Amino acid sequence: MDLLIPEVGLVVFQTIAFLLLMFLLGKFAWKPVLAAIKERESSIDDALNKAELAKQALAEMAAQNEDLMKQARAERDEILKEAKKLKDAIVNEAKTSAQTEGAKLIEKARIEIENQKKAALAELKGQVSTLSLDIAERVLRSQLDDKAKQQDLVTSLLKDVELN
């Protein structure tokens, strides 16, 4: 039973050793440990603050990025609208030019056809007159062979001249 009940000297010695250990730990160990804990806590707080600032900056950058994207889309839409207007203007101008050019070509072709028609009619008249003269010459030769026929022809021609 002596083991369960310690002697007074042992208890006093252990108590003094414990208090001395507490004093030494309090003087040399607790302050640096608490300072390290405080420092760690402040660095964690700083890191959290920096993370919050970075999160806010990221949110601002995302908002700016979204604004830039909206502006870029608006500019793209404006450029596409301008390009469409320009394309429509070019197409309309090309159509107008083609219609004008087509009208000029049609008029030119009509004039050319008219000129060729006149030339063909003139040539046809020339051929008809030549044929008429040839026929008249042959008819007159056949009629002028006979003296009585000549006399009848001259008489009929004189009658026609007097009537006109």
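Summary of computed values
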quantity: Check on residue 157, open to solvent by 100 Å² or more (accessible area, probe 1.4 Å), free of Cβ contacts under 8 Å to residues at least 60 places away in the same chain and not β-branched (Val, Ile, Thr); calculated: no
quantity: The stretch 120-151, subset more than 60 Å from the chain's Cα centre (by Cα) and acidic (Asp, Glu), residue most open to solvent (accessible area, probe 1.4 Å); calculated: 145
quantity: Filter result (open to solvent by 100 Å² or more (accessible area, probe 1.4 Å) and of a type in the set (D, E, K, R)) within the stretch 103-119; calculated: 104, 108, 110, 117, 118
quantity: Within the stretch 1-34, considering residues that are assigned to a helix (DSSP H, G or I) and of a type in the set (Val, Ile, Thr), the one farthest from the chain's Cα centre (by Cα); calculated: 8
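The values are calculated or read from the model by the stated rules, or taken from the named source; none is laboratory data. Here the structure is a predicted model, which means the values were calculated and not measured. Every residue, glycine among them, receives a Cβ derived from its backbone with ideal geometry; neighbour counts consider all protein chains shown. Note: areas computed on protein heavy atoms with side chains; ligands, DNA, RNA excluded. Shrake-Rupley method; radii C 1.70, N 1.55, O 1.52, S 1.80 Å.
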